[in-house]
Amino acid sequence: MLKYRTSTQNLIVQGAIVNYISRDPEIIVLSEPDGNYRVDLMRDGKSVSRLRIANRPIAVGCAQVEMGGIADVGTLEECRYQGLSRRVLQETMRFMEQSDFGLTMLYGIPNYYYKFGYASAGPNRGAVIKTQEQVPELPAGWQIRTVTVQDISELKRLYALYLAENVCGARVRPEGSTAWNELTRVATGERADDCLVLVAPDGHVAAYAWHGKGSWVADGLERAIPSALVVSEAMAESPQAADVLLSACEIWGKGIADKESREITSIAYALTEEGCVAAALMRRDCEFRQQYSACGNCMVRVGNQDQLFDLMIPEWRRLARQSAGSIDSKICFETPAGVNALHVNMGGVCFCNPSDAGYKLNLSVGDLAMLVIGSMPTEDLLARLPNPPCEDAVTACKLLFPKRQQHMFLADRY
């Protein structure tokens, strides 16, 4: 167990040293009580450069993939411009390739993290709808109120319904995860934030909308659109509940505008174009937005490749069962992080010996990660390789790697 306080900053570092042998003698990896990790470059008993690995398992279809999110990258001011952050990141990538994390992601500055294998994970997504001049009324029997502690179990149910829709990138939230803890604090009044619940005529909670105030990304979005009410998360159990939730959010926004003495002329929902809330928005005058960054913002790469393939097998088998085509291919996927081969046919997907594979794909760790989360069309990515594969291999890869709308809700970002 290591515990110390640095002399130049108000920072306590504590945790158990991980059973991992660093190639860099000045770098240690610590496990923290919350399941996260720290990677610290130590000099004279203090951390001079560091980052945190946030443990964020995500859904990729029906698969649950362990994902390590890179956060809190920093170096003491007097130690900058010495390549220390680069060394910390290089050692972190080595650790990732030996860890349980199949993927690693980050929200990064432009033109830097690609040096460590990261590639675009897709755009920031959301929808903006203008508020109506006349505040709508709810249909008879429907009610809105602020969340209570007793509602948390219903919010978890609604979130689980969303995960069951084969989404990509949303965090799989175990008991005690940050989002549920923060919502509980909202319900008890310990957090200065708002969460609205929609109660159906029979008395059960049918939808909710969470403002997410205090989240770095939600607050940043509200600064960028000062006349908007940001809804960090909106869930509904049915199309009818989604329609009513949109009206409820307008009423809610009017109340927040009066409370905060500011003008709210629009509502910004952080969501993809999937799910019944998005479908409800599409029936109104609404603008969906996708903001891409060529080499920055949300980025992804492979961590432990063997672990990634093990975790993705249930989803790949589901996709194979649903396919209507005729496929029988053995493909080897080789990256700097590992070599794995799959036999893909209409009966399913299984591992095979790389030497038996008829096709070999040489990919970067970023390319393979983009394929897995579906951030780019598969045929487009493969066509850009130095040695593009044949048509049969492309067909099999299109089955394994469909285009997806990768999205993590704001409260789960790190």
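The values are calculated or read from the model by the stated rules, or taken from the named source; none is laboratory data. Everything numeric in this text was worked out from a predicted model, so none of it was measured. Quick reminder, even Gly has a Cβ in these numbers, built from the backbone with ideal geometry, and neighbours come from all protein chains shown. For accessibility, only protein heavy atoms count, side chains too; no ligands or nucleic acids. Shrake-Rupley method; radii C 1.70, N 1.55, O 1.52, S 1.80 Å.
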*Residue satisfying all of: in the stretch 341-359; under 18 Å from VAL394 (Cβ atoms) and assigned to a strand (DSSP E or B); modelled with the lowest pLDDT among these*: ASN345
*Could you tell me whether the stretch 253-261 includes any residue that is open to solvent by 40 Å² or more (accessible area, probe 1.4 Å), assigned to a helix (DSSP H, G or I), under 19 Å from TYR208 (Cβ atoms) and in contact (Cβ under 8 Å) with a residue 12 or more places away in the chain?*
yes
*(1) open to solvent by less than 10 Å² (accessible area, probe 1.4 Å); (2) over 21 Å from GLN132 (Cα atoms); (3) in contact (Cβ under 8 Å) with a residue 60 or more places away in the chain: which one isn't true of SER232, the others all being true?*
(2)
*Could you please find all residues in the stretch 274-304 being part of a loop (DSSP other than H, G, I, E, B), closer than 26 Å to MET376 by Cβ and either open to solvent by less than 80 Å² (accessible area, probe 1.4 Å) or among the basic types (Lys, Arg) (or both)?*
GLU274, GLY275, SER293, CYS295, GLY296, GLY303, ASN304
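Let's see how each residue does on (1) touching a residue at least 40 places away in the same chain (Cβ under 8 Å); (2) among the aliphatic types (A, V, I, L, M); (3) open to solvent by less than 10 Å² (accessible area, probe 1.4 Å); (4) not in a strand (DSSP E or B):
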| residue | (1), (2), (3), (4) |
| --- | --- |
| LEU41 | yes, yes, yes, no |
| VAL48 | no, yes, yes, no |
| LEU51 | yes, yes, yes, no |
| ALA54 | yes, yes, yes, no |
| ALA59 | yes, yes, yes, no |
| GLN64 | yes, no, no, no |
| VAL73 | no, yes, no, no |
| VAL88 | yes, yes, yes, yes |
| THR92 | yes, no, yes, yes |
*Name the residue, out of THR146, THR188, THR178, that is surrounded by 15 or more Cβ atoms within 10 Å (Cβ to Cβ) and of a type outside the set (Lys, Arg).*
THR178
*Kindly list, by first and then second residue, each pair from a residue in the stretch 320-335 that is buried (at least 17 other Cβ atoms within 10 Å of the Cβ) to a residue that is part of a loop (DSSP other than H, G, I, E, B) and modelled with pLDDT under 95, limited to pairs with Cβ atoms under 6 Å and residues at least 6 apart or on different chains.*
LYS330/GLY358
*For the stretch 381-413, what are the residues that are farther than 19 Å from VAL365 by Cβ, free of Cβ contacts under 8 Å to residues at least 60 places away in the same chain, within 23 Å of the chain's Cα centre (by Cα) and in a helix (DSSP H, G or I)?*
LYS398
*Mind telling me which of the residues ASN345, ASN362 ends up being touching an Asp or Glu at 6+ places or on another chain (Cβ under 8 Å) and either open to solvent by less than 10 Å² (accessible area, probe 1.4 Å) or within 20 Å of LYS403 (Cα to Cα) (or both)?*
ASN345
*When VAL217 is evaluated against the numbered criteria (1) in contact with a helix residue (DSSP H, G or I) (Cβ under 8 Å, 6 or more places away or on another chain); (2) open to solvent by 10 Å² or more (accessible area, probe 1.4 Å); (3) in a loop (DSSP other than H, G, I, E, B), which criterion, by number, is the only one it fails?*
(3)
*Mind checking which residues of the stretch 262-273 are farther than 18 Å from GLN405 by Cα, open to solvent by less than 20 Å² (accessible area, probe 1.4 Å) and not aliphatic (A, V, I, L, M)?*
SER266
_So for the stretch 135-152 (the condition being modelled with pLDDT of 95 or more, among the aromatic types (Phe, Trp, Tyr) and over 26 Å from the mean Cα position of the chain (by Cα)), does at least one residue qualify?_
yes
*Could you figure out which of (1) surrounded by fewer than 22 Cβ atoms within 10 Å (Cβ to Cβ); (2) within 18 Å of the chain's Cα centre (by Cα); (3) farther than 24 Å from THR378 by Cβ; (4) not hydroxyl-bearing (Ser, Thr, Tyr) isn't true of ALA127?*
(1)
